[in-house]
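Structure first, then comments.
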Protein chains: 2
Amino acid sequence: MEQALVDEIRAFNRFYTDIIGLLNRNFLDSPYSLAEIRVVYEIFHQQGIMASEIMDSMHIDKSYLSRILKKLEKDGLVTREKSGEDGRAYLLFLTETGKTEFNRLNRASDRQVVRLLEPLSGKEKERLVELMKNIKRILTPET
Amino acid sequence: MEQALVDEIRAFNRFYTDIIGLLNRNFLDSPYSLAEIRVVYEIFHQQGIMASEIMDSMHIDKSYLSRILKKLEKDGLVTREKSGEDGRAYLLFLTETGKTEFNRLNRASDRQVVRLLEPLSGKEKERLVELMKNIKRILTPET
DNA sequence: CCTAAATAGTTGATTTTGTCAACTATTTTA
DNA sequence: TAAAATAGTTGACAAAATCAACTATTTAGG
């Protein structure tokens, strides 16, 4: 095992965990938890998704998810309708309110990203995004 | 605000949150929480650190940290001694047991990293680590 | 085609994680 | 040298997450 590589990756993970923590911190003074926001994100990006799919992608307990969805529905961010194909399942959708709220939440986080980028030159910003794209490319298995 | 850049960074964060989640998942079937492991990490890397310093770097409530330290001390991973310079403070150290345990915890996580790297060629691995180093360099403010 | 196993989702009970306020004991500031 | 700030602890509580048991439906195998 190439321990040096593994160590570097561990170091990066620790470093980047802090960055993500910084950017997530302002979600925390919204009325929603990170898990709840993440659920909204999943539905935003895949209208009509089933709870069990969210459960798989988030690695979250189905009972916990069920309660999160109940709250989001109560708050009017999410609606569900019975699946035609599977009588046990519901299809989840963001309401207009849900979409608006999702964008509102992201704007606060975006401001934080902008603050993070502030000290960088235009060239550095471009380069950063290039690097990120490349990491994604390498770590995303070919289809 | 360069929205395209911000969007890319948001996408990367979401992507990398999943990676970190994957790598952290096997910490979760250790007897320690991520917060506890992180505290051990901080002490490992700075023997003699004070609780208040950990509190600042982890953005964790001091009462919560106090209880984590109590548990780690009870388990024999951490010891503390009164600071000579500040009569209110304690200096924290990992015991040999603590160091051993910290390495044991990391080994499980390392195996997961190796698994993640498996599908990559040697060249891709090198490149990945290069990219990570560059991101760190860009995002770390000059001293 | 019909029973057994698997899956989607809910609910109740509980544990774990994290926060808040109040407190003691020191140290710093002005 | 009194007032404010800081290090850390404790008790009470709230939020987040898990576990087991359950209903209802669907899928798989004999």
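Numbers for the structure displayed
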item: Euclidean distance of C-alpha centroids, the stretch A:1-61 and the stretch B:15-44, integer Å; result: 13 Å
item: Paramagnetic reach from B:Ile138 in the stretch B:21-59 [backbone N under 17 Å; point 7 Å along Cα→Cβ]; result: none
item: Threshold 30 Å², the stretch B:3-19 residues less accessible with all protein chains present than alone (1.4 Å probe); result: B:Leu5, B:Val6, B:Glu8, B:Ile9, B:Arg10, B:Phe12, B:Asn13, B:Arg14, B:Phe15, B:Tyr16, B:Thr17, B:Asp18
item: Solvent-accessible surface (1.4 angstrom probe) belonging to A:His45, in square angstrom, nearest 10; result: 110 Å²
item: Accessible surface, 1.4 Å probe, highest first, among residues B:Glu53, B:Glu81; result: B:Glu81, B:Glu53
item: Length-normalised contact order for the stretch A:37-143 - Cα pairs under 8 Å, 6+ apart - percent; result: 24 percent
item: Most fluctuating residue given options A:Leu23, A:Leu69, A:Leu120, as computed from a GNM of chain A linking Cα atoms under 10 Å; result: A:Leu120
item: Among A:Tyr90, A:Tyr32, A:Tyr16, residue whose mean-square fluctuation peaks in a GNM of chain A (springs only between Cα atoms under 10 Å); result: A:Tyr16
item: Long-range amide H partners of A:Ser83 with built H, under 5 Å; result: A:Ala89, A:Tyr90, A:Leu91
item: Dipole in debye (nearest 20) - the stretch A:3-139, about Cα centre, beta carbon charges: Lys, Arg +1; Asp, Glu -1; result: 180 debye
item: The stretch A:69-143-the stretch B:73-143 distance, computed between alpha-carbon centres (Å); result: 29 Å
item: Lysine pair number, Cα distance threshold 30 Å (strictly under), chain A, separation 8 or more or different chains; result: 20
item: Label-zone membership for the stretch B:41-74, site B:Arg88, 7 angstrom Cα→C-beta point, backbone N under 20 Å; result: B:48-70
item: The protein assembly as shown, dipole about Cα centre (Lys/Arg Cβ +1, Asp/Glu Cβ -1), debye to the nearest 20; result: 300 debye
item: Whole-number accessible area per residue in Å² for the stretch A:3-139, which is evaluated in the context of all protein chains at 1.4 Å; result: 55 Å²
item: Highest-MSF residue in chain A out of A:Ala35, A:Ala51, A:Ala11 [GNM, Cα springs under 10 Å]; result: A:Ala11
item: Under the span-like rule (Cα at least 30 Å along the axis, Kyte-Doolittle mean at least 0.0), DSSP H helices of chain B; result: B:3-24
item: Accessible heavy-atom area order of B:Val114, B:Val129, highest first, probe of 1.4 Å; result: B:Val114, B:Val129
item: Ranked order, B:Arg80, B:Arg137 - accessible area, probe 1.4 Å, largest first; result: B:Arg137, B:Arg80
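The values are calculated or read from the model by the stated rules, or taken from the named source; none is laboratory data. These numbers were taken from a predicted model, which means no experiment stands behind them. Because the Cβ atoms are built from the backbone with ideal geometry, glycine has one as well, and the counts that use them run over all protein chains shown. Heavy atoms of the whole protein, side chains included, go into the accessibility calculation; ligands, DNA and RNA do not. Shrake-Rupley method; radii C 1.70, N 1.55, O 1.52, S 1.80 Å.
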